[in-house]
C-alpha cells in the first residue's frame, strides 16, 4: 500500500507543478504573496479574494482532465477521488477564521491550503508514522501532518511550489475510518450550509 501511495504522491507533484505553471501563465493569475497577506486583509483588499475565486475557477476549467488523470490510481487496494472547494465553503472559512482564529491574522496560504484536494482511501491501513517516514525519506519538500481530531482520522500531505502559489492537499484515509470521517465532514458541511442560510435570511 505504501508503494501505491508513493506512486500517487510522485504523480501529484508532477501534475501540481504542470498545472501551477499553466495557471501562472493564464489570465487568472495575479502575483501575490499568500504568506504575507492575511485572512483579515480580505475585507480591505478585493484582489486577495479575487485570487482565491480565480484559482478555483481555473481548477474547475481543468477538472475533467484532472478526473481522467487521477482515475488510473483507483484499484482494489485504493480509491482515489478529487474535489475543488465549494464557493460557500470558502466564504464560511473566511468568516470562521476572522471570528475564531486570531481575528483572521493568519496567512492566506495557511487558511486556503486545500482549494484543490485529492483523497486516497486505503484498504490496507497505513499509520501516520509510515506515511511520514516515506515523506521524510523521499519528499522533503512536502509537508506531512497528522490531522486526526476527534472522530476524524487522517494524514494530510501538502504540495507547495512557493509563497505565490496555492497549495494542494492530499488526504490519506484508511478504509476502516471512512464512515466516521464522512460523518465528521458532513457535520462541518452542515455548519456552513446553516451559516449560508442565515446570511441569506433563510430559515
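Quick notes on this structure:
- Qualifying residue in the range 77-92 (condition: within 19 Å of the chain's Cα centre (by Cα), without any contact (Cβ under 8 Å) to a residue 60 or more places away in the chain and part of a helix (DSSP H, G or I)): yes
- Top-ranked residue in the range 70-89 [being closer than 19 Å to residue 55 by Cα and modelled with pLDDT of 90 or more; ranked as surrounded by the fewest Cβ atoms within 10 Å (Cβ to Cβ)]: 83
- Considering residues of the range 115-148 that are part of a helix (DSSP H, G or I) and touching a strand residue (DSSP E or B) at 6+ places or on another chain (Cβ under 7 Å) only, the residue farthest from residue 161 (Cα to Cα): 128
- Matching option when the condition is in a helix (DSSP H, G or I), under 30 Å from residue 122 (Cα atoms) and touching a residue at least 24 places away in the same chain (Cβ under 8 Å), among 20, 14: 20
- Of all the criteria given as (1) at pLDDT 90 or above; (2) not in a strand (DSSP E or B), the one not satisfied by residue 203 is (1).
- Some residue of the range 132-147 being at pLDDT 95 or above, crowded, with 19+ Cβ neighbours inside 10 Å and under 22 Å from residue 179 (Cα atoms): no
- Residues in the range 96-114 that are crowded, with 16+ Cβ neighbours inside 10 Å, assigned to a helix (DSSP H, G or I) and in contact with a helix residue (DSSP H, G or I) (Cβ under 9 Å, 6 or more places away or on another chain): 6 in all.
- All conditions but one from (1) modelled with pLDDT of 95 or more; (2) in a helix (DSSP H, G or I) apply to residue 163; the one that does not is (2).
- Filter result for residue 156 (loosely packed, with under 14 Cβ neighbours inside 10 Å, within 16 Å of the chain's Cα centre (by Cα) and either within 26 Å of residue 87 (Cβ to Cβ) or modelled with pLDDT under 95 (or both)): no
The values are calculated or read from the model by the stated rules, or taken from the named source; none is laboratory data. It should be emphasised that the depicted structure is a prediction, and the values quoted were computed from it without experimental measurement. Note: ideal-geometry Cβ built from the backbone for every residue, glycine included; neighbour counts use all protein chains shown.
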